[in-house]
Amino acid sequence: MARGSRHIADNQSDDDCTKSAIDTTYICLKDTHYYSGRPGKYAEVEDDQSSSDISNVDGIARRVDEGGKVLVSVGFAKILDEQFVSYLKASDSLKDVISPASEKGKFVFLQYLVTDHRVGDKRRGAGAALLQKVKEYAAEHDWKTIWIDCWDGGNGQLVQYYLDRGFQIMGSFEDSDETDETPWKGKLLRIQLE
């Protein structure tokens, strides 16, 4: 498998996936285990750390599956069904976009999509794979739209990441940090699924 490439194994047996004591459905990918359950989707990869020493010394979340494999968390996505976050709804610059979309419904808002830089190259491809799982989630509900907002700083690299994956910019906004009122510039993006 090419580095950063993740392929979904649609018909894997239960033996290929790990289970949780809570009501969670695991979706397994080659080399990466993705599982969904409210409030989000998680990505894990096998770690080279021994199963007898999975302490949280380095602050990185690990767990041992039923087969004894040590899995390390590399990414997380949180989605909202048919609703936007409050700071976007309150933005005057986005009212003409947010109001009609909210009324129409049938969309997913991707509130968080993060990968953990502390795990180095192990996180490679996790963001794109999690985004694919969000697309599949939307398709399962017969929804054709995914919305996301992101930071518009850092030379526009994050905005470009989403543009490269088919999103379109629908508007710009400014929010401020609640603690120090520092302005935070962002973009609202949308992708229409086929």
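Only the coordinates and a few stated rules stand behind these numbers; no lab work does. Since the model is a prediction, treat every value here as computed from it, not as a measurement. Heads up, the Cβs are rebuilt from the backbone with ideal geometry, glycines too, and the neighbour counts pull from every protein chain shown.
Overview of results
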quantity	calculated
Long pairs among LYS69/LYS144; LYS78/LYS187; LYS95/LYS122; LYS69/LYS106; LYS69/LYS187, criterion Cα-Cα beyond 29 Å	LYS69/LYS144; LYS95/LYS122; LYS69/LYS106; LYS69/LYS187
Extended-chain gain in nm, criterion 0.36 nm per residue less alpha-carbon gap, GLU140 and LYS89	15.8 nm
Förster radius 30 Å - calculated FRET efficiency between SER102 and ASP48, Cβ distance, rounded to 0.05	0.05
Rough spin-label spacing in nm, given labels placed 7 Å along Cα→Cβ, for GLU66 and THR179	4.2
TRP147, TRP184 arranged by Cβ crowding within 10 Å, fewest neighbours leading	TRP184, TRP147
Of the GluC sites (Glu not before Pro) in segment 104-182, those whose Cβ has at most 14 other Cβ within 10 Å and which sit in DSSP loop	GLU178, GLU181
In nm, spacing of pseudo-spin labels at ASP164 and ASP121 (7 Å Cα→C-beta vector)	1.8
Likely footprinting exposure, ILE148, ILE169, fewest C-beta neighbours within 10 Å first	ILE169, ILE148
For SER91, SER99, SER172, order by how many other beta-carbon atoms lie within 10 Å, fewest first	SER99, SER172, SER91
Low-density loop positions, trypsin sites (Lys or Arg not before Pro), segment 118-194 - DSSP coil, at most 10 other Cβ in 10 Å	none
